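Everything below concerns the one structure shown next.
The values are calculated or read from the model by the stated rules, or taken from the named source; none is laboratory data. Keep in mind the model is a prediction, meaning the values are calculated, not measured. Because the Cβ atoms are built from the backbone with ideal geometry, glycine has one as well, and the counts that use them run over all protein chains shown. In case anyone asks, the SASA skips ligands and DNA or RNA and just uses the protein heavy atoms, side chains included. Shrake-Rupley method; radii C 1.70, N 1.55, O 1.52, S 1.80 Å.
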Amino acid sequence: MAADEKTQAKTDQAKGKIKEAAGRTVGNERLTAEGRADQTKGDARQAKEKIKDTLTD
């Protein structure tokens, strides 16, 4: 399950970067903000997984 969570974190980060870039390209602030939020969500999920890995080892 940890691998799935790590993959989901990377997916959220990538999706966020794409949304943010698209939002900036078309001048859509809402899309840019959604992209930043997705990146933050992915960062938080990745940090959680790193902590779990550290505590498990």
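Would you point out the residue of region 3-14, among those that are of a type in the set (D, E) and farther than 17 Å from L31 by Cα, that is surrounded by the most Cβ atoms within 10 Å (Cβ to Cβ)?
Taking region 3-14 and keeping what is of a type in the set (D, E), we get 4-5, 12.
Next, from what is left, pick out any that are farther than 17 Å from L31 by Cα: 4-5.
On the way: D4: 9, E5: 14.
Selected residue: E5.
When residues of region 20-29 are filtered for being assigned to a helix (DSSP H, G or I) and open to solvent by less than 70 Å² (accessible area, probe 1.4 Å), how many remain? Steps first, answer last, please.
The initial filter retains those residues of region 20-29 that are assigned to a helix (DSSP H, G or I), namely 20-26, 29.
Okay, now just the ones that are also open to solvent by less than 70 Å² (accessible area, probe 1.4 Å), so 20-23.
Going through region 20-29 one residue at a time, the tally reaches 4.
Could you identify the single residue in K17, K41 that is closer than 26 Å to T56 by Cβ, open to solvent by 90 Å² or more (accessible area, probe 1.4 Å), touching a helix residue (DSSP H, G or I) at 6+ places or on another chain (Cβ under 7 Å) and assigned to a helix (DSSP H, G or I)?
Details: K17 fails: closer than 26 Å to T56 by Cβ.
Checking each option against the conditions leaves just K41.
Assigned to a helix (DSSP H, G or I) and touching a Gly at 6+ places or on another chain (Cβ under 7 Å): is that true of L55 in this structure? Outline the logic, then answer.
Details: assigned to a helix (DSSP H, G or I): yes; touching a Gly at 6+ places or on another chain (Cβ under 7 Å): no.
Spelling it out, it is not the case that L55 is assigned to a helix (DSSP H, G or I) and touching a Gly at 6+ places or on another chain (Cβ under 7 Å).
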